[in-house]
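See below for the structure under consideration.
The values are calculated or read from the model by the stated rules, or taken from the named source; none is laboratory data. Bear in mind that the values here come from a model prediction, so they are computed numbers and not experimental data. Ideal geometry is used to build each Cβ from the backbone, glycine not excepted, and the neighbour counts take in all protein chains shown.
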Amino acid sequence: MAQVKIVQFVPEQNDKDFQRLLPAYLKIWNAPENLKQLSINKHSVDADTVSEWLHNHIAHGISYYCAMDESDNILALSIIQEHPTLGLRSLGIAVRPEHKHQGIGTKLVEHLINYIEQKDFSSAEVPVFADNVRMLRLLLKYGFIPARMEHHKRYDGMDLVYMKYLHV
């Protein structure tokens with residue numbers, strides 16, 4: 001497993017975080033290897049849209065966590081949302097393609113579970129496309145269970161599975 005640390009970024013309040021997170025977010029999210037698993041409509045996200053999200057995330061209950069290497073390079077991104085009525089959910093976990101299969105996604109899932117337990121949420125949801133077998137297996141390994149499904153959610157007709165972690 002790669003030596004990484006998980007660091008929270010607060011781009012709405014910290015310009016340095018914004019300047020570092022924006023290009024990393026665009027590169028990670030829009031990587032062709034990642035886009036199919038992160039986009040419902042097959043379209044990449046543009047800098048203006050991501051900039052707006054980063055400048056206004058706190059009011060929406062969104063937190064950004066990055067997996068960083070020893071040189072403080074951003075290798076992966078996890079987006080978590082705390083919603084007053086819907087509870088906790090992951091809006092996405094994505095790893096730079098050149099750093100996949102090194103345990104970085106696992107570290108972010110472990111961080112998500114710790115976040116759930118530290119904040120004492122009773123549960124959390126992670127939406128995953130049904131053909132993202134590696135992520136589904138990883139979540140199952142950590143005790144997530146399939147809770148519901150939205151059929152034909154992605155542009156190619158793929159279903160979206162909502163995996164739930166129960167903290168009792």
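List the helices (runs of 4 or more DSSP H) that sit entirely inside the range 35-149 and contain at least 1 residues that are farther than 30 Å from residue 16 by Cα and modelled with pLDDT of 95 or more.
Filter on the range 35-149 gives 133-141.
Being assigned to a helix (DSSP H, G or I) and in contact with a strand residue (DSSP E or B) (Cβ under 8 Å, 6 or more places away or on another chain) is the filter here; which residues of the range 1-17 pass it?
Passing the criteria: only 17.
Any residue that is crowded, with 18+ Cβ neighbours inside 10 Å, of a type in the set (D, E, K, R) and over 19 Å from residue 160 (Cα atoms) - is there at least one of those in the range 39-62?
No, the range 39-62 has no match at all.
On the basis of being buried (at least 17 other Cβ atoms within 10 Å of the Cβ) and more than 15 Å from the chain's Cα centre (by Cα), does residue 99 make the cut?
Criteria met by residue 99.
Of these, 140, 108, 112, which one is within 17 Å of the chain's Cα centre (by Cα), aliphatic (A, V, I, L, M) and surrounded by fewer than 14 Cβ atoms within 10 Å (Cβ to Cβ)?
140
Within the set of pairs 6 or more residues apart or between chains, which connect a residue that is within 15 Å of residue 30 (Cβ to Cβ) and touching a residue at least 12 places away in the same chain (Cβ under 8 Å) inside the range 94-111 to a residue that is part of a strand (DSSP E or B) and among the aliphatic types (A, V, I, L, M) with Cβ atoms less than 7 Å apart?
So the pair list comes out as 94/76; 94/77; 95/75; 95/76; 96/75; 96/76.
Is it the case, given these coordinates, that residue 133 is surrounded by fewer than 18 Cβ atoms within 10 Å (Cβ to Cβ), farther than 20 Å from residue 65 by Cα, under 17 Å from the mean Cα position of the chain (by Cα) and of a type outside the set (S, T, N, Q)?
The answer is yes for residue 133.
Would you check if there is a residue in the range 22-30 being part of a loop (DSSP other than H, G, I, E, B) and either surrounded by 13 or more Cβ atoms within 10 Å (Cβ to Cβ) or not acidic (Asp, Glu) (or both)?
no
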